[in-house]
Each structure stands twice: as C-alpha cells, then as structure tokens.
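Engineer: Pasting in a structure now, in structure tokens, and then I'll have a few things to ask.
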Amino acid sequence: MAGKKKTRPLLTGLVVLGLVATSGYLTLELRKQEERGVTEVRNVGVLTGVRGQAGTSEKTGEERWTRLANPARSVLRGADGQVKAVLTDGARTAKLTGPARTFAEPASTASKVSTTDWVRLMPEPWAKGAEKRKWFKDWYAEYAGSEEDDIFAFANQYVAGAPQQKDEKGVVYAGDANFGPLNTSGAEGGDLRLEQSDFYDYLGIPYSFRNGAVGSPEAMRARSLDCSGYIRMVLGYRARYPLMSSDTAGDGLPRTANGMARSDQGVDVLPLAGVSEGDRPSAIDQLQPGDLVFFKLDTRTGQRLDHVGMVLGHDTEGHLIFISSREEVNGPTIGDVGGVSRLDGNGYYAKTLRSAKRL
C-alpha cells in the first residue's frame, strides 16, 4: 500500500533508439502491473539484464525470484514477467496475484477497488530463501490461483448488508456487524457508540486464549466489532493469526489499535515516529494491500493510537483505500461517512495516519 538532470554528450542514432526502446519497455511494464493492482512496480530496475539493478534474482523453471528492499522481500514472477507473489521478510501475510474482483460499497461511497491482489496467511513468517523449503512449496501449491476465501473476502463479510454465515454448531461467524452499542451515558466523552467490542462479543461465545485467559462476551455487544476487534476477527479468528487476550498477556495480535501498532509482531512498513501532526508518514508508496494502518484520531487518548484499518488497494480513481470498523457508520466500511477512506491526499484519515505494519 516518491535526480538532477546531467548534461550528456550527443549520442549516436542507434544508441538513442536503444534507450527509447528500453524506456518504452519499462513504461509498458509499469502500466501492465499498475493495471493488475500490483504496488511493487517502482523497482523495475530489478528485471534480469537491466544494469544497476536493485536486487538479485534466481530462476526456478519458468519462474524467477527477485529480492527487493525497504522492506526486505521476495518477489515471484512468472515467465511473462508478471508478479505472482510478494513475500516480506518477517511477515506471514502474503500478497498473491489471482483472478480479478471488485470491492464496492455503493450505499456509502463511489469508490470501487478492482484488484487481482489476494492476501493470505502463510504458516510461518517469510525469510530469504524460504521458497526452497517444503512448508512454502506445499502452501503455495495449495493457494496459487485459488479462489478460496482470503483475508479480503473475510473482511468484506462484515460490511453493511453482508449475509449471515453459520458454522456447524450454529454460531454466526460472519454477517453485517455493528461497531458497538449506543453510548447512552455519555461516559466516554460524548462518543456515539461504545468501544471494546471484540470478536468473541460478535460471536456471542466464550473464547479461550492460549495463555489460559477466557474472553467472555457481553450480550449488549452481540454482532459488534470495534476497530481492533474487527481486525482480530478477520486476521485472528478467521485467518488464524495468534491472538493475545490483552495488550500485555500472551503472544500474537494485541487487543487494541495502540497495542497492535507498538507490538513486535510482523514488520513495521511505516515505523511509528510519534502521534503528533508532524509525525504523519510520507512514504505511503511502501504500503501494499493487507497492511494494517494506524491512526491518531482523538486528542483525549494522549499518546495512544486509537484507530486501525487494513489497506484494500487503489480504487478506480487511483486513491489508496482502506477498510475499518467505525462508529460513524456503525461497523466495517470503506465509505465516506466521517471522512473518505483514502490514505493519500489531505483528507481526515490521510492526515491522521501515523504508522503501518505488515503481519
């Protein structure tokens, strides 16, 4: 999910033609990959045979593995040069290229995200050379080109109007989610809806964490997910990323947005510099679909980050869109109520973005 010109001697006609042809080829590659929703296209210099390349590559049959930096990652390309997978060192989320699909929410926004990106959770964090290991070969063989529900599919199963889905025990695990119950007391400074609705509140069943703690649902929070509860539902309960019982107990994904942003899980794509206005990160071109983004929305929360969402991709107008659960619309959304869901520009969420992490 940005060089000074030098005077050069005149080149011969053949050299000029060669440079023009090369430039045209690279431009075409950029356009092709942008149309596929791939966010890693700026490093075209890593293509085999291009001088001054930024990484190293290794051919495996008709596929080619390339190493890129910032963050350190491996990119798998097919024989046609198209990106098939992006795998980041230290992260378990993988971005794979698959069939095109479109995410839209016409009731609340004109934005549409048409993408070939599919985000899935690997069984282990990625490391350089892991493409040679059995666990990855088995995992990739199962999910390459698969249309089985991925993290994006899970995320969109809680937006307004999403149909309910039940497991074999009759527990509703997906469907239109609220943010939380109405705040009738005004005890939280006038917030419209109460926070603290976790995934087990939505499910309405107790959940046993690995450290022995048990999360007990509250009836008034049934079918509700606050911003971090939503991320824990999608990545944890559905995709099976380990979950902590709080911000301090256990290991895995913490309970709150602030805990997630400051944890040592995954890779800090946009490191947290601080929570003030001047700490807004500028290099959002390093973001890719599936990254978690963290915001500072409320001055009452002091040094705590207070909102989290997930990068979905670029919409049809080229804006970088994220999805999150918000009290203004009472649930998960990519909508424009309370601020457009764009990470670029100078909108509400773009200005309050503070960090990003790739799990």
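Every read-out reported here was derived from the displayed coordinates using simple, explicitly stated rules and does not represent laboratory data. Bear in mind the structure is a predicted one, so any value in this text is a computation, not a measurement. Methodologically, a virtual Cβ is constructed for each residue, glycine included, from the backbone with ideal geometry; neighbour enumeration extends over all protein chains shown.
Engineer: For the stretch 232-285, count the residues as N, evaluate 2.2 N^0.38 Å, and divide the Cα radius of gyration by that value, please.
Structural biologist: Rounded to two decimals, the normalised Rg is 1.29.
Engineer: With a cap of 12 neighbouring Cβ atoms within 10 Å, and only residues DSSP puts in a loop, list the trypsin sites (Lys or Arg not before Pro) found in the stretch 124-186.
Structural biologist: In loop regions of the stretch 124-186 (DSSP not H, G, I, E or B), the sparsely surrounded trypsin sites (Lys or Arg not before Pro) are Arg133, Lys169.
Engineer: OK, next. Taking one equal scatterer on every alpha-carbon of the stretch 284-326, how large is log10 of I(q)/I(0) by Debye at q = 0.28, 0.34 1/Å?
Structural biologist: Those come out to -0.97, -1.15, one per q.
Engineer: Using only Cα atoms, figure out Rg for the stretch 73-156 and give it as a multiple of 2.2 N^0.38 Å.
Structural biologist: 1.20
Engineer: With a cut-off of 8 Å between alpha carbons and a minimum separation of six or more residues, what is the relative contact order of the stretch 303-359 in percent?
Structural biologist: After rounding, I find 20 percent.
Engineer: Enumerate by residue number the GluC sites (Glu not before Pro) in the stretch 263-359 meeting two conditions: DSSP loop (anything except H, G, I, E, B), and at most 11 other Cβ atoms within 10 Å of the site's Cβ.
Structural biologist: For GluC sites (Glu not before Pro) across the stretch 263-359 that sit outside H, G, I, E and B with at most 11 neighbouring Cβ atoms in 10 Å, the list reads Glu317.
Engineer: Filter the trypsin sites (Lys or Arg not before Pro) in the stretch 183-240 down to the DSSP loop ones having no more than 16 other Cβ atoms within 10 Å, then list what survives.
Structural biologist: For trypsin sites (Lys or Arg not before Pro) across the stretch 183-240 that sit outside H, G, I, E and B with at most 16 neighbouring Cβ atoms in 10 Å, the list reads Arg210, Arg240.
Engineer: Continuing with this model, one more query. Stick to Cα atoms and the Kirkwood definition of Rh, then tell me Rg/Rh for the stretch 255-349.
Structural biologist: With Rg and the Kirkwood Rh in hand, the quotient comes to 0.92.
Engineer: In addition: Under a no-solvent Debye model with one identical scatterer per Cα of the stretch 113-189, what's log10 I(q)/I(0) at q = 0.23 Å⁻¹?
Structural biologist: These q points yield log10 I(q)/I(0) values of -1.10.
Engineer: Here's something else I'd like to know. HN-Hα J couplings of the stretch 102-117 from phi, Karplus 6.51/-1.76/1.60, θ = phi - 60°, integer Hz, Gly and Pro as x?
Structural biologist: Once θ is set to phi - 60°, the couplings for the stretch 102-117 become 10, 10, 9, 9, x, 6, 10, 6, 8, 5, 9, 9, 9, 8, 10, 7 Hz.
Engineer: Show which aspartates and glutamates lie in cross-link reach of Lys134 when reach means a straight Cα distance below 13 angstrom and same-chain residues fewer than eight apart are skipped.
Structural biologist: Cross-link targets: Glu124, Glu142.
Engineer: Step through the table entries Lys95/Lys166; Lys137/Lys357; Lys132/Lys357; Lys84/Lys357; Lys296/Lys357, compare each Cα-Cα distance with 18 Å, and write down the pairs that go over it.
Structural biologist: Check vs 18 Å cut-off fails for Lys95/Lys166; Lys137/Lys357; Lys132/Lys357; Lys84/Lys357.
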